[in-house]
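The values are calculated or read from the model by the stated rules, or taken from the named source; none is laboratory data. On a predicted model such as this, the values are computed, not experimentally measured, just so you know. Ideal geometry is used to build each Cβ from the backbone, glycine not excepted, and the neighbour counts take in all protein chains shown.
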Amino acid sequence: MSETSTAILERECLTARLDGGLLDVELHREPANEIGTKMLEDLEALVRVFSENDRVRAMVLRSRARRGFSAGADLRELHRQNVARKQSGASDGARLSEVRAFLDRIHRVMNAIDHTPFTTIAAVHGVVFGGGFELALACDLIVADKSARFCFPELRLGLIPGFGGIPRLRRDVGAAVTRDLILTGRSLGASRAHEIGLVSQLVGEGQSHAVARRVAEQSLRFDAKTTRSALGFLTPDLSAELEREKDLFCELFLSPVVDDALARFDEDEGAMPYLPAGSKTKEVEA
Amino acid sequence: MTVDDQVLDSLLALAAERFRRDRATLKGPDDLFDALDIDSVDAMALLTALEERFGVEIPDYEVQDVRTFDALAAVVRRRL
């Protein structure tokens with residue numbers, strides 16, 4: 001990080017520094033940048049920063065967490081809130097309204113990142129799962145180190161990805177790969193992700209941030225207006241598909257299958273119980 | 001050494017190197033989580049390293065119930 005960089009946003013889950021025109025964002029919610037209420041609030045604050053600051057000309061998103069870029073939605077928070085609402089006598093409609101409100105907010109964040117007038121780069125390692133994968137897909141480019149694994153495990157929970165993942169993955173790599181990852185819930189290693197074009201640059205372990213910054217610095221050499229025009233031309237309008245995805249997620253959410261899956265997830269002490277031998281997951285040192 | 005033995009040997013060497021264990025202490029029938037003192041996230045890293053080493057793709061559902069090095073080596077062999 002350059003000595004000239006300035007922290008312009010310091011929140012519980014992320015810190016953003018402005019270095020010249022480069023907004024360097026570090027996610028740091030342990031254990032693996034789960035996206036719950038707090039992370040959502042902090043991502044909304046990030047959107048306000050880059051939307052209201054003309055000096056931002058490129059953005060890199062990375063993670064400080066050892067486990068990886070992000071494990072996705074905070075399923076324990078989701079489950080516990082859902083149970084609390086049920087116990088307080090909230091109707092299905094009321095519970096669904098809250099889920100819908102969360103989805104609307106996270107979609108606004110993802111859409112804002114997807115439609116920035118400047119180049120955005122996700123620098124990823126380790127787990128890039130669910131909502132974390134969706135966050136990376138909202139960026140224009142993904143630079144991955146060899147440890148990165150991409151996965152949409154939602155069907156194991158009786159759900160589909162709900163933060164815009166299906167339309168954006170299909171946009172970026174096509175329907176066949178999207179079906180493969182969604183319908184099997186399998187994870188994809190960084191090398192394979194690079195082969196299919198999901199990852200723009202594959203780098204050695206621990207190198208994704210440095211390389212992503214070089215990519216961002218390259219983008220800073222170009223005329224801002226030209227970059228904006230190119231991005232506008234390159235970024236198709238997915239709004240109808242994204243709305244349909246939210247509708248479908250909400251339809252599925254009230255299923256008892258989801259209740260059971262989330263309860264099992266919450267009962268497991270592991271960080272990511274859907275991984276092989278997940279019950280063995282141990283706590284990570286701070 | 002047979003091809004089967006070579007796969008297991010390479011797997012054990014890779015696991016020992018990655019998780020800083022004495023290669024000589026690792027055996028095929030060992031529970032890999034206990035022997036390496038790793039969690040599920042570390043196991044994902046091992047999966048990635050195996051894919052790199054052997055040039056294969058290993059879907060996670062293939063290793064969902066795998067506990068031993070022998071069983072993991074068998075999964076790799078099926079993909080070679």
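What the table below lists for this structure:
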read-out	value
For A:K38: the one exception among (1) free of Cβ contacts under 8 Å to residues at least 60 places away in the same chain; (2) assigned to a strand (DSSP E or B)	(2)
Residue count, the range A:23-35 (criterion: not charged (D, E, K, R) and not in a strand (DSSP E or B))	4
Residues that are assigned to a loop (DSSP other than H, G, I, E, B) and within 10 Å of chain B (Cβ to nearest Cβ), drawn from the range A:126-153	A:K146, A:S147, A:A148, A:P153
Candidate set from the range B:45-66 (those that are in contact with a helix residue (DSSP H, G or I) (Cβ under 7 Å, 6 or more places away or on another chain) and not in a helix (DSSP H, G or I)); member that is farthest from the other protein chains (Cβ to nearest Cβ)	B:V56
Answer from A:A176, A:A210, A:A193 - the residue that is in a helix (DSSP H, G or I), among the small types (G, A, S) and either at pLDDT below 95 or buried (at least 20 other Cβ atoms within 10 Å of the Cβ) (or both)	A:A193
Residue that is of a type in the set (D, E, K, R), part of a helix (DSSP H, G or I) and farther than 27 Å from A:R228 by Cα, where the choices are A:R76, A:R48	A:R76
Failed condition for A:T120, given (1) within 14 Å of chain B (Cβ to nearest Cβ); (2) within 14 Å of the chain's Cα centre (by Cα)	(1)
